[in-house]
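The values are calculated or read from the model by the stated rules, or taken from the named source; none is laboratory data. Values in this document were obtained by computation on a predicted structure and should not be read as measured data. We place every Cβ from the backbone using ideal geometry, glycine too, and count neighbours over all the protein chains shown. Remember, those area values only see protein heavy atoms, side chains included, never the ligands or the DNA or RNA. Shrake-Rupley method; radii C 1.70, N 1.55, O 1.52, S 1.80 Å.
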Amino acid sequence: MPLSLLLLSLFGVLFSPSNSLSLSFPLTSHSVSSQEASLSLSSKTKSHGKLPFQYSNALVVSVPIGSPPQQMDMVVDTGSQLSWIQCHGKVRRKSVKPMINWFDPYLSSSFSFLPCNTTLCRPRIPDFTLPTSCDPTRHCHYSYFYADGTLAEGNLVTEKFTFSSSFTTRSLLLGCATASTQNRGMLGMNTGRLSFISQAKISKFSYCVPDRTGSDRTGLFYLGDNPNSAKFKYVNMLTFPKSRRSPNLDKLAYTLPMKGIRIGNNKLNISPAVFKPDPSGAGQTMIDSGSDLTYLVDEAYSKVRAEMVRLVGPMMKKGYEYAAVADMCFDGAVAAVVGRRIGDMWFQFENGVEILVGKGEGLLTEVEKGVKCVGIGRSDRLVTESNIIGNVHQQNMWVEYDLSNKRIGFGVAKCSGLKA
């Protein structure tokens, strides 16, 4: 069989577009520590510099993979493409918790390594952040690099996602990581051809992010139709032709037509052009479940900071900067007062759609014991010129990605402890 037909066969699924799919899973908001695990990486990946921070909050679902299925904890990441799981390997843990959720390939009858002679194992395939290669066993080796410095490497494989006897994917391409700086896998959910939703032909998904400060940090994640969608407000996604060549543009991201920011009754004096990609792609505004904080380009960040200084400047921690990206921070003892003085914050989009992204003390996120910051960082510290709406500003709302209609839906909800 030609390789192109082989890959099409691998990526086929039992989900039928004509059938109504609606599967729900608990979605847990996990605090992530960079000290959770220390893994040995190859010399190739060690050569890439690591930024001085890591995302500290992740949205995690448990997904059944393999035949018979093994439950794998995976971070829902709408900002990346490749899905990968933690496979066999050894970890040097600095503490006994949390344990890594390993996948055992030898227990699955549907597991298969991707051989080196497939088209996806060519060194210049654009779907991977680092070139693929051929390992000594003639299996395709990958290394994946994320904006916060997270790395994962291992073999490309094919495996089934076994949701139930009625909903089982055929074999999908994913990574089998034998070395990683994280203790969970990744569920890549962007619009790239190798993302989970693209391979599984799932045209709609949604999640409800629980409040970080509550005792119950479990929300809900849907694949397919969401029964609450009739109440959602929708904004159309911006899409770009494949032929467009812009060095700063991520064409696989979920790009939103953001127009402005309002704090209390004060609409900040920020030009809408700041939130729209220019010819180079700079200014793109994307929504990303895998990013902890929200990041703004300098013009927008400076206007938000100026308003914070006006409202609560005397209470800011002088000379403090969290992880070299955020400096609107306060001692926890004054957080309640700070929250009351700020009021609420809204992100504004086309067609008059506004979403409440935080109010009162809920606008602040704890970054270390006794310190809380407005959950916004400078995007230039990420070496990017984009605006990124992180999961800190997606709490207590439904966020629906409707790929068929090229739109994103938002709906106010109480996400903690939500049941299907």
Checklist outcome for this item: To the nearest 0.05, the calculated FRET efficiency linking Lys318 and Ser215 through their beta-carbon distance, R0 being 35 Å, is 0.60
Item to check | Thr239-Ala336 pseudo-label distance in nm [points 7 Å out on the Cα-to-Cβ vector] | outcome: 5.0 nm
Checklist outcome for this item: Interchain or sequence-distant (5+) residues whose placed amide H lies within less than 5 Å of the amide H of Leu418 are none
Checklist entry - Rounded to the nearest 20 Debye, what is the dipole magnitude of the chain about its Cα centre when Lys and Arg each give +1 and Asp and Glu each give -1 at the C-beta? => result 160 debye
Checklist outcome for this item: Where a ≥ b ≥ c are root eigenvalues of the Cα gyration tensor, a/c under 1.5 meaning rounded, otherwise prolate if a/b exceeds b/c and oblate otherwise, region 142-246 counts as rounded
Item to check | Per residue value of the accessible surface for region 229-412 (all protein chains in place, 1.4 Å probe), Å² | outcome: 43 Å²
Checklist entry - By how many nm would the segment from Glu354 to Asp127 lengthen if fully extended, with 0.36 nm per residue of separation less the alpha-carbon distance? => result 78.3 nm
Checklist entry - So which GluC sites (Glu not before Pro) in region 238-332 pass both tests, a DSSP loop state and at most 16 other Cβ atoms within 10 Å of the Cβ? => result Glu321
Checklist entry - Just how far, in whole angstrom, is region 286-330 from region 380-420 if you go by their alpha carbon centroids? => result 19 Å
Checklist entry - Taking the chain as a Gaussian network, Cα atoms linked when under 10 Å apart, which of Pro126, Pro277, Pro241 shows the biggest mean-square fluctuation? => result Pro241
Item to check | Tilt relative to the chain, helix 298-312 - C-alpha long axis, 0 to 90 degrees, to 10 | outcome: 50 degrees
Checklist entry - Taking the alpha-carbon centroid of each part, what is the distance from region 210-258 to region 146-163 in angstrom? => result 21 Å
Checklist entry - Just going by the charge dipole of the chain, with Lys and Arg at +1 and Asp and Glu at -1 on Cβ, which of Asn387, Met315, Val61 is farthest out on the positive end? => result Asn387
Next on the checklist: Let me make sure I get this right: for region 182-307, a, b and c are the square roots of the gyration tensor eigenvalues over alpha carbons, sorted descending. Under 1.5 in a/c it's rounded, otherwise prolate if a/b > b/c, else oblate. Which is it?
Outcome noted: oblate
Next on the checklist: What is the percent carbon and sulfur in the accessible area of the chain, measuring with a 1.4 Å probe over the protein chains and ignoring ligands?
Outcome noted: 53 percent
Checklist entry - Can you pull the three principal axis extents for the Cα set of region 229-412, in Å, largest first? => result 50, 38, 29
Checklist entry - Considering the chain as a Gaussian network with a 10 Å cut-off on Cα pairs, which listed residue, Ser22, Ser83, Ser379, attains the greatest mean-square fluctuation? => result Ser22
Checklist entry - Nearest 20 debye, what's the magnitude of the dipole of region 229-412 about its Cα centre given +1 on Lys and Arg Cβ and -1 on Asp and Glu Cβ? => result 380 debye
Item to check | Exposure of His141 as accessible area (Å², to 10), given a probe of 1.4 Å and all protein chains | outcome: 40 Å²
Checklist entry - By how many nm would the segment from Ser22 to His88 lengthen if fully extended, with 0.36 nm per residue of separation less the alpha-carbon distance? => result 20.6 nm
Next on the checklist: If you only keep lysine pairs separated by 8 or more in sequence, or across chains, how many in region 229-412 come under 16 Å at the Cα atoms?
Outcome noted: 15
